[in-house]
Amino acid sequence: MKRTYVGDTIKKVGKKVRVCGWASRIRNHGSLIFVDLRDWTGKLQLVIEENKVGGVDKIGPEYVLEVEGIINERDKNLVNPKMATGNIELEAEKVVILNASKTPPFPLDGDGNDISEDIRLKYRYIDIRRERVRNLIEKRFKLMMYTREWFEKNRFTEVQTPLLTVSSPEGARDYLVPSRIHPGTFYALPQAPQQYKQLLMVGGVDRYFQIAPCFRDEDPRADRHSGAFYQIDVECSFMTQQEFFDTVEPYFKDVTEALTDKKVKEYRFPQIPYIECIEKYGTDKPDLRFDMFLVTLTDEFRKSEMNIFHDIECVKGIVVDREFTRKEIDDLTHDMQREGAHGMVWFAIENGKLSGSMVKMFNEDLQKSILDKVEKAGYKITGEKQYIFAFGDTHANACRYAGILRSRMGDLLGLKDPNVLAFAWIVDFPMFEWDDKNKKWDFCHNPFSMPEGGLEALKTKDPSEIKAQQYDLACNGYEAASGSVRNYHPLSFIEAFKVVGYTEEETRAKFGHMISAFEYGAPPHCGFAPGFDRLMMILFDETNIKEVYAFPKSNAQDVMMGAPRAVDKADLDILGIELKKDIKKKS
RNA sequence: GGAGUGGUAGCUCAAUUUGGUUAGAGCAUCUCACUGUCACUGAGAAGGUUGCGAGUUCGAGCCUCGUCCAUUCCGCCA
């Protein structure tokens, strides 16, 4: 008899079927046994009478079963509304145990958040049976399919680029692969297909995309998968930055509507200049679901009677509509100190006036001025109790701490609506930043970005004043994508690298193929690369990137497979590699 | 490389002010009973080198030092 999937049994009432799957729950009443049978498509209750079908009292959790029987409609009082198949059940006539199972190392019925990650990953093949993991695997496939179809419809061509390639200047450490045929040399796994996609533009591909694996040897973060991750890599020819936004922005709206019940907060996406973004939100990846803006109080603090602020570079604060106890403020201060802040100053606003222990250090004019700035920053003085929290530090740090606190307050006050996606383009990034440690200019983001003003600007302007035609897509506090208009002129390409200390010879030695390609008629082009895994997290409410992979790495290790691991000496000999003696080997 | 948090039964967690008999509970497991459960129920049982090593003490899960592991953050990083 042909196998029926559990999800299809609803259409088979009154018919005899054969189903296969795992025993997820067993309720044994002696001579009557209920088993919830699970396969990829769902769960179905089996009703097994011991005297009709023998040997079934041996069935344990996660046993693999093949069952034949009749699909019956349940009596009204026996319907289980929590199950998709809750109004039917299978009356078993024949039960075959295809395979036994050891008791699973952890329960499979919850979302798994309360189980330690390393044990879930060690037994990932069991964890995948969990409904949440199973659903995410399916959603990932749907996102992949939707993405390919969307880009195809919009005249893009997916091109696969090499995985064994050379080191690129993205900035992270490379994963190196030794070459056997050419001993002593190494491939690098691509940190991104950046150079290939630009060379595809020179080749006339015009609109390229690829769901591309990228390899970076970085330390992990909750939103950064260690080792390898996926980007939706995109590049277009003959487009300005605005034309590019016009082209790709609909993708995010369409994919949100097609795969989720969420709403896009603002479409077309707002475009926020980088400097304004830092001033207003304290970060270049703001959560725009809620309005809470940084307010600059530098002047007021400098003029206050508090000596430590007289020479302060910057004071940035936020206003929170909530009452705080002294202990809560102490805890917040402690949290912020752990982020690196020296301290946190605060005022209460009550009946339109400042209060709190600091107030006496500020004369009435300064107090008025503070309240003025608060209102100008977009806050309303409500009359209810409000609090100002502020940080004094370098400009970058003051913004950073206020931005971190802004995000925490968004969580605390429940302002981050999970059903809203607030996308925004962050534009006008600086091209260069001063590297104080090495006392030289460095690329702020992508070295292949076109500087605003081109070669002329590079030659005449101070590096600090040059903007890049570079942009990020921020969404709900994440960097969802990053891209730029590319520097496609050989001369300005070489000139840009000169600013960060490369001679023309050095640049040609490293990027000869790029410069050479640009010399043979490179079209103007631009692109970006949304993080596929980040998009998964944003669309499906996951806060740890490992959840959106079938087989995630944890701290750059596959604890299930035991990778990476040591290799035999013979294998190293073939490659001409000898390990240093003091390396601690992991077996 | 640095900081925070954590490591006690298969899983999730307890174990009181410097520390005090035999380290507890829920879930899971095993045994028995049960024909309408769906987180089945009831009765019982088993389950531990408290990550590892040293120290302090009459006595350490708890205090000290070292070490290992995990995780989050900083550094790093489109």
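Some notes on this structure:
- Restricting the range A:483-500 to residues that are of a type in the set (A, V, I, L, M, F, W, C) and within 33 Å of the chain's Cα centre (by Cα), the residue that is surrounded by the most Cβ atoms within 10 Å (Cβ to Cβ): A:Ala496
- Here A:Ala348 passes the criteria (1) assigned to a loop (DSSP other than H, G, I, E, B); (2) closer than 15 Å to A:Glu384 by Cβ; (3) touching a Gly at 6+ places or on another chain (Cβ under 9 Å) except the one numbered (1).
- Pairs meeting the criteria (first residue in the range A:46-73 and in contact (Cβ under 8 Å) with a residue 60 or more places away in the chain, second residue within 12 Å of RNA strand B (Cβ to nearest atom) and in a loop (DSSP other than H, G, I, E, B), beta carbons under 7 Å, at least 6 apart or on different chains) are A:Glu62/A:Ser101; A:Glu62/A:Pro104; A:Glu73/A:Asn87.
- Members of the range A:260-305 found to be surrounded by 15 or more Cβ atoms within 10 Å (Cβ to Cβ) and either part of a helix (DSSP H, G or I) or without any contact (Cβ under 8 Å) to a residue 24 or more places away in the chain (or both), listed by number: A:Tyr274, A:Cys277, A:Ile278, A:Glu279, A:Lys280, A:Tyr281, A:Thr298, A:Glu300, A:Phe301, A:Arg302, A:Lys303
- Considered as a group, the residues in the range A:44-89 that are within 23 Å of A:Ala100 (Cβ to Cβ) and of a type in the set (D, E, K, R) include one that is farthest from RNA strand B (Cβ to nearest atom), and that residue is A:Glu66.
- For the range A:540-550, the condition holds for at least one residue, the condition being that it is within 25 Å of A:Pro250 (Cα to Cα), more than 12 Å from RNA strand B (Cβ to nearest atom), assigned to a helix (DSSP H, G or I) and in contact with a helix residue (DSSP H, G or I) (Cβ under 9 Å, 6 or more places away or on another chain).
- Failed item in (1) under 30 Å from A:Glu117 (Cα atoms); (2) of a type in the set (Asp, Glu); (3) modelled with pLDDT under 95, with A:Glu49 passing the rest: (1)
- The range A:1-31 - residue that is aliphatic (A, V, I, L, M) and surrounded by 14 or more Cβ atoms within 10 Å (Cβ to Cβ) and, of those, nearest to A:Tyr125 (Cα to Cα): A:Ala23
- For first residues located in the range A:380-405 and closer than 21 Å to A:Met306 by Cα, partners that are surrounded by 20 or more Cβ atoms within 10 Å (Cβ to Cβ) and of a type in the set (Lys, Arg) and lie 6+ apart or on another chain with Cβ distances below 8 Å form the pairs A:Ala390/A:Lys316; A:Phe391/A:Lys316; A:Ala398/A:Lys316; A:Cys399/A:Lys316; A:Tyr401/A:Lys316; A:Ala402/A:Lys316.
- In the range A:16-36, the residues that are more than 18 Å from A:Asp57 (Cβ to Cβ) and either under 41 Å from the mean Cα position of the chain (by Cα) or outside the structural domain of A:Tyr63 (by TED's automatic domain parsing) (or both): A:Val19, A:Cys20, A:Gly21
- Residue, farthest from RNA strand B (Cβ to nearest atom), within the range A:164-187, restricted to residues that are under 25 Å from A:Cys526 (Cβ atoms) and not polar (S, T, N, Q): A:Val166
- Close Cβ contacts (under 8 Å, 6 or more residues apart or on different chains) running from residues in the range A:538-557 that are over 12 Å from A:Asn135 (Cα atoms) and charged (D, E, K, R) to residues that are more than 13 Å from RNA strand B (Cβ to nearest atom) and part of a loop (DSSP other than H, G, I, E, B) comprise A:Asp541/A:Pro418.
- Single unsatisfied condition, A:Phe34 versus (1) assigned to a strand (DSSP E or B); (2) exposed (fewer than 15 other Cβ atoms within 10 Å of the Cβ); (3) in contact with an Asp or Glu (Cβ under 8 Å, 6 or more places away or on another chain): (3)
- Residue in the range A:9-23 that is outside any loop (DSSP other than H, G, I, E, B), out of contact with any helix residue (DSSP H, G or I) (no Cβ under 8 Å at 6 or more places or on another chain), β-branched (Val, Ile, Thr) and free of Cβ contacts under 8 Å to residues at least 60 places away in the same chain present: no
For (1) closer than 30 Å to A:Glu117 by Cα; (2) touching a His at 6+ places or on another chain (Cβ under 9 Å); (3) at pLDDT below 95; (4) among the aliphatic types (A, V, I, L, M), each residue gets a yes or a no:
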{"site": "A:Leu136", "(1), (2), (3), (4)": "yes, no, no, yes"}
{"site": "A:Trp150", "(1), (2), (3), (4)": "no, no, no, no"}
{"site": "A:Phe156", "(1), (2), (3), (4)": "no, no, no, no"}
{"site": "A:Val159", "(1), (2), (3), (4)": "no, no, no, yes"}
{"site": "A:Gly184", "(1), (2), (3), (4)": "no, no, yes, no"}
{"site": "A:Gln191", "(1), (2), (3), (4)": "yes, no, yes, no"}
{"site": "A:Arg207", "(1), (2), (3), (4)": "no, no, no, no"}
{"site": "A:Pro220", "(1), (2), (3), (4)": "yes, no, yes, no"}
{"site": "A:Gly227", "(1), (2), (3), (4)": "yes, no, yes, no"}
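- When residues of the range A:102-131 are limited to those that are away from RNA strand B (no atom under 11 Å from the Cβ) and free of Cβ contacts under 8 Å to residues at least 60 places away in the same chain, the one surrounded by the most Cβ atoms within 10 Å (Cβ to Cβ): A:Asp127
- Some residue of the range A:120-137 being closer than 30 Å to A:Arg207 by Cα, under 24 Å from the mean Cα position of the chain (by Cα) and of a type in the set (Ser, Thr, Tyr): no
The values are calculated or read from the model by the stated rules, or taken from the named source; none is laboratory data. Computed from a predicted model, the values in this text were never measured in an experiment. In this analysis, Cβ positions are derived from the backbone assuming ideal geometry, glycine residues included, and neighbour counts consider all displayed protein chains.
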